[in-house]
Amino acid sequence: MSLPRHVRLVEVSPRDGLQNEPQPVSLETKLGLIERLAQARIKEIEVTGFVHPRWVPQLADASALCQALPLDSTVRYSALVPNEKGMHKALECGKLRRVAVFTAASEAFTRKNINCGIEESLQRFEPVIAMAQAAGLPVRGYISCVLGCPYEGDVPVSRVREVSERLLAMGCDELSLGDTVGVGTPEQARAMYRAVRQVADAPQLALHFHDTYGQAVANLYACLHEGAEVIDASVAGLGGCPYASGASGNVATEDVVYLLDGLGISHGVDLNRLAACGQWISQQLGRENASRAGRALVG
């Protein structure tokens with residue numbers, strides 16, 4: 001299959017990137033990150049998650065952050081919502097244009113992450129999705145552990161396809177396929193993507209690859225040759241997973257953009273401004289910039 005002409009990038013650093021930071025990140029810093037991402041012409045930004053602060057303290061300011069977001073018709077803000085209470089809070093802010101629910105292709109990971117099995121997690125989403133649809137908000141469904149699980153090991157592609165099909169039937173318009181522990185390799189990624197394409201079109205499928213073993217860009221490259229059109233990424237490679245020991249951050253947005261430029265695939269992002277954003281947030285957090293392209297560009 002030929003490469004896509006255009007790839008839609010979804011920036012997840014304000015939520016997935018910051019949620020596992022060990023020290024509190026100020027609301028001002030979070031808003032500064034979102035502002036700089038928008039200035040780099042990122043059009044879709046997952047800004048936070050309405051989860052219980054006991055489980056993810058870094059996201060305790062979700063309502064305050066959403067209220068403070070600038071009105072910008074060119075950027076689609078989204079947030080994670082685990083339940084009806086979270087959905088009510090998301091609707092109250094009035095600035096979100098997408099919400100997301102999350103499950104996994106691994107039974108063990110789902111129980112560790114949200115204290116229930118896959119089937120029960122899907123049942124919990126039904127009223128959330130109904131509320132979103134009533135409000136005219138599209139719903140993204142996150143599926144973790146599509147290329148492996150820290151508790152179960154290998155995950156069958158048939159299970160990834162089955163969970164994908166269920167979420168689409170429930171009303172999700174987009175799925176994010178997550179290699180949560182970053183263990184996948186290119187042929188595994190290609191096989192998984194092909195399997196899910198049997199039940200979904202390319203514009204409905206986002207790739208959400210972590211870079212624990214340094215394979216994320218290679219895995220994306222393999223899936224691009226299968227026609228992938230949507231990629232999740234995190235500026236400066238921010239991130240990690242509190243329920244997957246050793247998992248590093250998402251693939252760095254700068255590295256993805258550099259790859260797409262090399263392949264002649266349009267994306268609409270200003271790479272130089274993006275690299276400056278990655279360097280800025282790395283300095284704010286007191287950590288090394290994990291993006292190789294970003295470090296090269298800022299010198």
Completion exercise
Quick note, the chain: a/c under 1.5 would make it rounded; otherwise a/b > b/c is prolate and the rest oblate (a ≥ b ≥ c, C-alpha gyration tensor); here it is rounded
Completion exercise
Rounded to the nearest Å, the spacing of the alpha-carbon centers of region 103-149 and region 1-43 is 22 Å
Problem - Cβ-derived FRET efficiency at R0 45 Å, residue 126 paired with residue 283, nearest 0.05 - result: 0.55
Handout entry: Derived scalar couplings ³J(HN,Hα) [region 56-71; Karplus, 6.51 cos²θ - 1.76 cosθ + 1.60; whole Hz; x for Gly, Pro]
Key = 9, x, 4, 9, 5, 9, 4, 5, 5, 5, 5, 5, 8, 4, x, 6
Practice task
Mind jotting down the distance between the C-alpha centroids of region 70-99 and region 252-299, whole Å?
Solution key: 26 Å
Exercise for the section: Quick one: grab the alpha carbon gyration tensor of region 14-119, order the square roots of its eigenvalues as a ≥ b ≥ c, and give me rounded if a/c is under 1.5, else prolate or oblate depending on whether a/b is larger than b/c. Expected result: prolate
Problem - DSSP-assigned coil residues among trypsin sites (Lys or Arg not before Pro) in region 1-81, each with at most 15 further Cβ atoms within 10 Å - result: 5, 54
Problem - DSSP-defined beta bridges in the chain - what % are antiparallel, rounded to 5 - result: 5 percent
Handout entry: Cut-off under 5 Å, modelled amide H: who pairs with residue 179 long-range
Key = 146, 208, 209, 210
Handout entry: Amide H contacts under 5 Å for residue 76, placed H, 5+ residues apart
Key = 44, 45
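Bear in mind that the values in this text are calculations on the coordinates, not laboratory data. Note that the structure is predicted; figures quoted are calculated from it, not measured. Using ideal geometry, Cβ is built from the backbone for each residue, glycine included, and neighbour counts are taken over all protein chains shown.
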